[in-house]
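The block underneath contains the structure these notes are about, expressed in structure tokens.
The values are calculated or read from the model by the stated rules, or taken from the named source; none is laboratory data. Note that the coordinates shown come from a computational prediction; the quantities given were computed from them, not determined experimentally. Positions of Cβ are generated from backbone atoms using ideal geometry, with glycine treated the same way; all protein chains shown enter the neighbour counts.
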Ligand code: PLP
């Protein structure tokens, strides 16, 4: 219940004028602040600067097995890069394909391949099976939903909970509808809420009884090593869980170094069962001779090993932890009793849940006062948040001072929208 609900109309009006007066004062400064995309800030990018010079001659570009990274060859990634990801993710090297600069690109290709050729175990390509549907835990990652929209895949929203997607709904839907071919999952520090799936949720995913024999879980572990604190969330191993139920073919696992080193310039992987990898590779071979091995080698030489990546992530955490804490401090002191928000232990986002029907108004008010937010509704399939409630906050990119200034304006906009809602009842 909003703290404004017990106020009289005249109290609300005087509160609103006080809030609007403060907003006008801040707006007069003409600030242009941005809390939209989850990008590392300049200080974070500087952490990886030495990667740019780690290869200084052609001699640095030769793999231990003699492969010349500066030339054609190797479809599925250099052995050193496979080992790095294998050690980091706990997945055997033969079940990892190291590709190019973007996991989102691999996810798009994985769906495109399924549409055109089917997946291991498909009776026919997905595009020949009539209407195809995906479950979309929401709020979720807008670009996952954009892939479905581009492919004409019907999206079915499923509520998110702090334990992961609402598994009762997932189980009911996938067991009864063979046109549901997949589900999007960001299992650790989910985008945008920062939730990590519980061990029970992971187990229930492994145990799912699906009507579609060619159902796939798109396990986008984008924030696998993106912990802010020593005391981090732990995610159960989906492949281990699937082994128990004989469902290892069900999972496509994705990760990348985008938010480890240079976003959009990293190295991305898909990991899957041996059956899936065997189905993917010949198709991939018709798509490319191989990916950018120099970049793979650059990452290997720079990080050296999995521990090198983990040490690097601690340096990121030291930079971005105070920003997450600044957001949470601002919300606690200004928005308690008005809105709710998540307090993640990692990842890149915080979800701010304002009173129902207020998210678009907050977005517009913030824009009018110099703060750009991610579109209200962006974290939902088709851009429609049924309660008009959620706003995704990305604290990493602006300077610290700009973040604080943006938060002050944002909190006032939330207050104004919540008061207006009460006055309009
Ligand atoms: N997956 C999730 C959940 C993300 O939040 C992002 C970027 O914000 C990506 C994937 C993009 O990853 P990449 O740069 O590897 O394409």
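Of the residues 123, 131, the single one that is part of a loop (DSSP other than H, G, I, E, B), modelled with pLDDT under 95 and away from the ligand (no atom under 16 Å from the Cβ) is 123. Taking each residue of region 10-34 that is closer than 16 Å to residue 363 by Cα and looking for partners that are in a strand (DSSP E or B) with beta-carbon atoms closer than 6 Å, six or more apart or interchain, yields 33/371; 34/372. The residues in region 91-110 that are away from the ligand (no atom under 14 Å from the Cβ) and either without any contact (Cβ under 8 Å) to a residue 24 or more places away in the chain or in a helix (DSSP H, G or I) (or both) can be counted, and the count is 4. Pairs are defined by a Cβ separation below 9 Å, a sequence spacing of at least 6 or placement on different chains, a first member in region 174-195 that is under 16 Å from residue 129 (Cα atoms), and a second member that is modelled with pLDDT of 95 or more and within 11 Å of the ligand (Cβ to nearest atom); the pairs so defined are 182/218. Is at least one residue of region 185-208 more than 16 Å from the ligand (Cβ to nearest atom) and over 22 Å from the mean Cα position of the chain (by Cα)? The answer is yes; a qualifying residue exists.
Look at (1) within 15 Å of the ligand (Cβ to nearest atom); (2) more than 17 Å from residue 284 (Cβ to Cβ); (3) in a loop (DSSP other than H, G, I, E, B) and you find that residue 88 fails only one, number (3). So in region 248-267, with the set limited to residues that are in contact with a strand residue (DSSP E or B) (Cβ under 9 Å, 6 or more places away or on another chain) and under 24 Å from residue 206 (Cα atoms), which one is farthest from the ligand (Cβ to nearest atom)? This residue is 249.
Residues are listed down the side, and each one gets a yes or a no for (1) crowded, with 23+ Cβ neighbours inside 10 Å; (2) more than 19 Å from residue 343 (Cβ to Cβ):
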{"residue": "156", "(1), (2)": "no, yes"}
{"residue": "161", "(1), (2)": "no, no"}
{"residue": "168", "(1), (2)": "no, yes"}
{"residue": "171", "(1), (2)": "no, yes"}
{"residue": "188", "(1), (2)": "yes, no"}
{"residue": "199", "(1), (2)": "no, yes"}
{"residue": "208", "(1), (2)": "no, yes"}
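Answer with yes or no whether residue 276 is away from the ligand (no atom under 16 Å from the Cβ), buried (at least 21 other Cβ atoms within 10 Å of the Cβ) and either modelled with pLDDT of 95 or more or farther than 30 Å from residue 181 by Cβ (or both). In short, yes. Apart from one condition, residue 143 fits all of (1) within 14 Å of the ligand (Cβ to nearest atom); (2) in contact with a strand residue (DSSP E or B) (Cβ under 8 Å, 6 or more places away or on another chain); the exception is (2). The set of residues from region 63-78 being surrounded by 15 or more Cβ atoms within 10 Å (Cβ to Cβ) and farther than 21 Å from residue 287 by Cβ comprises just one member, 63. Taken residue by residue, region 95-104 has no member that is crowded, with 16+ Cβ neighbours inside 10 Å, closer than 20 Å to residue 212 by Cα and touching a strand residue (DSSP E or B) at 6+ places or on another chain (Cβ under 7 Å).
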